[in-house]
Amino acid sequence: MRVVFMGTPDFAVPTLARLAEDGHSIAAVYTRAPAKAGRGMALRPSPVHALADRLGLPVLTPSTLKDREAAETFSAHRADVAVVVAYGMLLPQAILDIPRHGCLNLHGSLLPRWRGAAPIHRAVMAGDATSGVGVMRMEAGLDTGPVALEDRIPIRPGMTTGDLHDALMPLGADLMARALRALEAGTLTFRPQDEVGVLYARKISNDEARIYWAQDAAAVAAHVNGLSPFPGAFFEADLGKGAERVKVLRAVVAPGSAAAGTLLDSEGTVACGSGAVRLLELRRAGKGGTASGAEFLRGARLEAGARLV
């Protein structure tokens, strides 16, 4: 099929690669414009942009899709379908109406749960037992369109947002490949989303990163894992030079009890409002490497009974 692909981050890369591998004609790749990054603040193309360049595909980085020029350019691609994966820009109705078969979106949740910007983070942070990906026909509303296909995956104890993100990428690429085969064969069908169970996955804020040990252990572990690897949940403790910030990148529920925030042992078990969590991966603020709970505590000289805030 003749496809316009629209995506930006790593999450979208396997889908673009799979569609090219399957022999679809990629008429154009839309992505966000290169952004300044790194110490030198040099302009860096998005992961999708980089892949499109390697594949020799034409790339467009418009700042808006809302004007007539953008619609005319989009129409000139003569696309059968647009495939949208974490593009990062809203598509107006004028764009949605152009492809012969509309615009298909690969979304990183089981809709209608976690519509919006951060579905993977929010699923882990909420302690969901299951997540997945879905192929939806796009409408003007935020992730409100009918769903054609879904694939599910369990969220295991200790699984972080990074882990789930990486597991969903190839799952999503395969799902979209299946959707385009069915679309080409005329067998792709859609069902309306349920009106019950709608939740919105608002964008992650740095203000959410502090760990509140007074919560129950399951909530603390879900909070830690849901914010890993970015922005990273944190606590503060005196590591010898006054209070310092420590990021926790993985945690699981563990046995134990004491006043919330009390370090219980040399393995990194911390008491919560109810129960305890074991801190599995930690990183001192401003440092590059991670350490296990036991390794970190040895280096930080934190002992059982210490209070983490």
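The values are calculated or read from the model by the stated rules, or taken from the named source; none is laboratory data. Here the structure is a predicted model, which means the values were calculated and not measured. Neighbour counts are summed over all protein chains in view; Cβ atoms, including those assigned to glycine, are modelled from backbone coordinates with ideal geometry. Calculation scope for accessible area: heavy atoms of the full protein, side chains included, ligands and nucleic acids excluded. Shrake-Rupley method; radii C 1.70, N 1.55, O 1.52, S 1.80 Å.
Restricting attention to the chain, lysine pairs at least eight places apart or on different chains and with alpha-carbon atoms under 29 angstrom apart total 9. Taking a ≥ b ≥ c as the square roots of the eigenvalues of the Cα gyration tensor, segment 1-118 is classed as rounded, since a/c falls below 1.5.
For segment 205-247, applying the loop criterion from DSSP together with a ceiling of 15 other beta carbons within 10 Å to the trypsin sites (Lys or Arg not before Pro) yields Lys241. Kirkwood hydrodynamic radius of segment 233-309 from all distinct Cα pairs, in Å? Evaluated on segment 233-309, it is 12.1 Å. Roughly speaking, what is the centre-to-centre gap between segment 260-309 and segment 89-144 when only Cα atoms are used, to the nearest Å? Going from one Cα centre to the other spans 37 Å. When the charge dipole of the chain is built from unit charges on Cβ atoms (+1 for Lys and Arg, -1 for Asp and Glu) and taken about the Cα centre, the candidate among Gly40, Ala209, His165 whose Cα reaches farthest toward its positive end is Gly40.
Considering just Cα atoms, how many Å³ per residue does the convex hull of segment 178-255 enclose?
Working: hull volume 14.4 nm³, N = 78.
Expressed per residue, the convex hull around the Cα atoms of segment 178-255 is 185 Å³.
Tell me, what is the Rg over Rh of segment 99-201, with Rh the Kirkwood radius over Cα pairs? Value, to two decimals: 0.97. Once you have the Kirkwood Rh of segment 167-309 from its Cα pairs, apply Stokes-Einstein at 4 °C and 1.567 mPa s and quote D in µm²/s. In µm²/s, the coefficient is 75.
A simple rule links phi to the HN-Hα coupling: the Karplus curve 6.51 cos²θ - 1.76 cosθ + 1.60 with θ = phi - 60°, which for segment 78-90 gives 6, 7, 6, 7, 9, 10, 10, 9, 6, 5, x, 9, 5 Hz, with x for Gly and Pro.
The charge dipole of segment 188-309, taken about its Cα centre with unit charges on the Cβ atoms of Lys, Arg (+1), Asp and Glu (-1) only, comes to about 400 debye.
Averaged per residue, what accessible surface does the chain expose to a 1.4 Å probe, in Å²?
47
Ligands, DNA and RNA left out, the accessible area of segment 211-268 computed with a 1.4 Å probe is 57% carbon and sulfur. When the square roots of the Cα gyration tensor eigenvalues are ordered a ≥ b ≥ c, the ratio a/c for segment 167-217 is 1.5 or more and a/b exceeds b/c, which makes its shape prolate. For segment 27-76, the equivalent ellipsoid built from the Cα gyration tensor has semi-axes of 23, 15, 5 Å, listed from largest to smallest.
Taking the Cα centre of the chain as reference, the dipole from Cβ charges on Lys and Arg (+1) and Asp and Glu (-1) amounts to some 640 debye. Given [x] 45, 20, 18; [y] 37, 28, 19; [z] 42, 21, 15, which label gives semi-axes √(5λ) of the Cα gyration tensor in Å as computed from the coordinates? So the calculated entry is the one marked [z].
What does the helix-only formula give at 222 nm for the chain: each DSSP H stretch with n ≥ 4 adding -39500 (n - 2.57), the total divided by the residues, and the result rounded to the nearest 500 deg cm²/dmol? Counting only the DSSP helices, I get -7500 deg cm²/dmol.
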